[in-house]
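The values are calculated or read from the model by the stated rules, or taken from the named source; none is laboratory data. Since we're looking at a predicted model, the values are computed, not measured. All Cβ positions, even for glycine, are placed from backbone atoms using ideal geometry, and neighbour counts span all protein chains on display. We work out accessible area using only protein heavy atoms, side chains counted, and drop any ligands, DNA or RNA first. Shrake-Rupley method; radii C 1.70, N 1.55, O 1.52, S 1.80 Å.
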Amino acid sequence: MSLESFKDEVSKVFHVDVTDMSFKYFLPNNNRTLITISCDRDLQRMVDFTTSAAQVDVFLISRVENRSIVIHSGASAIKPGSNTPGDKRKRPPSKNKVSKNNKKAPTPNVPGSAVQAIANNVKQPRPVVTENDDNRVFQLEFGSDIAFATPPGGASTAPGILDQQNLAIVDATPREPIGLFDDSGDPYVGSEIIADPQQLENPIVFWDDIIKGVGQEFDNVKDFRAQLCKYAIGKGFAYRFIKNETTRVTVKCVAEGCTWRLHASESSRNKKFVIKKMTEEHTCGGGNGEGQRRATRQWLTTIIKEKLHDNPMLKPKELVKEIYEQYGVTLTYSQVWRGKEVAQKELYHAIRETYSHLPWYSDRLIESNPGSIALLSPMVDTKFRRFFVAFHASLHGFASGCRPLLFLDKVPLKATNDYKLLVAAAVDADDGVFPVAFSVVEDENYDSWIWFLMQLKYALSNHNYPYNAMTFLSSGQKGLDDAVSQAFEDSHHAFCLHHIMEEFKGELKKGPWSQQIREGMIEDFTRAAQACSIEDFNASIDSIRNISTEAADWIIASKPAHWSDAIFRGCRYDHFSLNIVDAFNNWIPTKKEGSIVLMIDSLRTKIMEIIESRREACKAWSGPLTPSMEYKAKEEMMKAGKMTVLCSSETVFEVRGNAIFVVNLGNWECTCRRWQLSGLPCVHAVAVFNRIGRSYYDYCSKFFRIESYQLTYSGTIFPIPDMDTVDFSAGANLIPPPKPRSSDKPRRKRFNPNKVPTVIRLCSRCKQAGHNKATCEAIL
């Protein structure tokens, strides 16, 4: 059955609401990590994995109870019920359990707890630091905060120096159980995350479908190579490179005569790496998960880093054994030793930046730009770190002069895959991109997006922005669909038409149609997206259905309520794709992507320059509308010459052309719906203006006026004066570098400098001590 049917069946049998519950299960003979069932394919995998089992235990986990309780013990913090970080054994979580015999375990009552450190009655610290605060507070991911006390006099702690005596780990004060997200003013700190399939101890079972096929996009060539390596390990085959360049990669199976082949190259449109050609079939008999597996250096370093997080004392010999048992990859001792050296250096750099550079930069940014938000949220074990930045000039400009429309996307980074850069951007009155907020996260998924959106919601609430009526435009993937609806409940969420169009083209290539027929169906799909009425939408879908019922059903199943103007209830102002976010691709120099501080600061300098340049440019504009909107207005005026206008009342008119439309000037509406969707009067409204002598500009949205443009860029981003005094690549004194493993047997000293020489060697020429014949300077 489908997942929805399964949920309905569980809800009926146990009389429980499963809306806010997640379904999870254990793999056979593995009671360490719960696997989430989030779609029909996950449910089918559970059935396949447990075919031979007599019983399957499915866990219903309420998100309300899914909270983390953190304690402080010495220099580390662990969750109650778990073992020490150095112990490999882990206890399975205790959750509500549902099994095939229809038994339900009682819900455990876990009381809230507060941790006391350094001082009693520690209150919940404020997450946003201003220049008048006494402490620097940085939220942890799982509901606790690290508070760095500022020394007397208000001086900031220098990068690389951490006052260990003033470190406190505190938890929230006991409170009544609430929903997953609190509507109060505090920023959101995510609920406890139970390992997803990507975070499993043995995720190889989920790697066989990482490579989807033609059209799949990757951030950069490094990301593509990393995913390709995982795919080959999951499928159990080895490949070799035909071409291996920064702009194109071609690989094939190493088996003689095998037809499996893949080609990917960089897209000229958005600079992402895209699979262009792929032959999926293995004629060599490989690809069944049982063949030879080869690892790359990048993959090995990533795996070792994850294992060192759990147990930093792992030795190369133990790593060799664990990697073979879990992934089936055979490695030598020297390969793992070199990989461990690289992994330790990268981990040290991440810890140093998280606890030294980023706190210092957050303080300096807020001091130089009052009203801005810089929030650092590392995890207790330093495995992940999240950094949210929203400048006061950006928040003020968006709230004062921009349309209630935000674009959400991930900015592809060219030089690193260690973290992802999420962005929320708007458009100004001249349709120029206007950044609102940024966030550096560990990966692009539901948890990182919901954390980013809750911080954004908090930042907008500080400016009294009515975010309930906003419209968001995104790809709808990587958990964005659920995250937007959860963070902004009353908002509207539109999907990027380009992403859906690319998926539709990929489906059409699987069919028997010619290129001309495929192009015709793509044109009908575009008309369905831009249709303003249900009748026009249905006509376009029926045109596709006459050719292929399957293609029409695929379009209906792709949620047209999120991308068709005929059904979508929000207002996108004629923006259908995320192409404006592509402007960020060239804002960050590649050499600065290795440091979060340098990357964010390069964005700050770029936004500072853009605000100043656009503020100066608009001083030469004249007229009520911005230049791009003035151009659109003239196009509409030219189309309204041959229409007949009949007056019904002072504000209602009937306009006749190819069809009959009703224009209501009192409500700024037309039955064609173009006026409501674009914000500019449609051609029928222009005909009415010409008939009664009204001005076109009096009925244009305020978001297209020069006054709104000037308000958008009225703020200023100030420079950070002492950025050049800190070397962010230099070593820090916070955490010493990893020490080499000492030998049990002390090293023998080959030369003892304190030993008195017993043999006196004389020069053979002058018979004196202290030199030899070659250096003898005696006069004989």
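Listed values, structure above:
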read-out: Highest average packing first - 772-780, 250-258, Cβ atoms within 10 Å; value: 250-258, 772-780
read-out: Whole-Å distance, taken between Cα centres, linking segment 619-639 and segment 584-602; value: 36 Å
read-out: Rounded percent of accessible protein surface that carbon and sulfur make up, segment 470-526, 1.4 Å probe; value: 43 percent
read-out: Most to least packed among 273-281, 228-236 [average Cβ atoms within 10 Å]; value: 228-236, 273-281
read-out: Distance between segment 415-475 and segment 346-374 - C-alpha centres, whole angstrom; value: 19 Å
read-out: Mean Cβ neighbour count within 10 Å, used as a protection proxy, ranking 342-348, 460-466, 50-56 highest first; value: 342-348, 460-466, 50-56
read-out: Extension gain, Val756 back to Met637 (0.36 nm per residue minus Cα-Cα distance, nm); value: 32.4 nm
read-out: Potential extension, Asp553-Ile692 segment - 0.36 nm per residue separation minus Cα distance; value: 45.4 nm
read-out: Mean accessible surface per residue for segment 349-487, computed with a 1.4 Å probe while every protein chain stays in place, in Å²; value: 23 Å²
read-out: Coil-residue GluC sites (Glu not before Pro) of segment 583-684, DSSP, other Cβ within 10 Å capped at 10; value: Glu650
read-out: Of Lys272/Lys505; Lys235/Lys277; Lys276/Lys592, those spanning more than 24 Å from alpha-carbon to alpha-carbon; value: Lys276/Lys592
read-out: Accessible solvent surface per residue of segment 528-644, calculated while the other protein chains remain in place, 1.4 angstrom probe, Å²; value: 49 Å²
read-out: Accessible surface of segment 296-428 [probe 1.4 Å, protein heavy atoms]: carbon and sulfur percent; value: 54 percent
read-out: Length released on extending from Ser2 to Ser649, taking residue separation times 0.36 nm less the Cα-Cα span; value: 227.4 nm
read-out: Estimated distance in nm for a label pair at Glu281 and Ser622, the labels positioned 7 Å out from Cα along Cα-to-Cβ; value: 7.0 nm
read-out: Relative frequency of Cα-Cα separations exceeding 21 Å in segment 388-520, percent; value: 46 percent
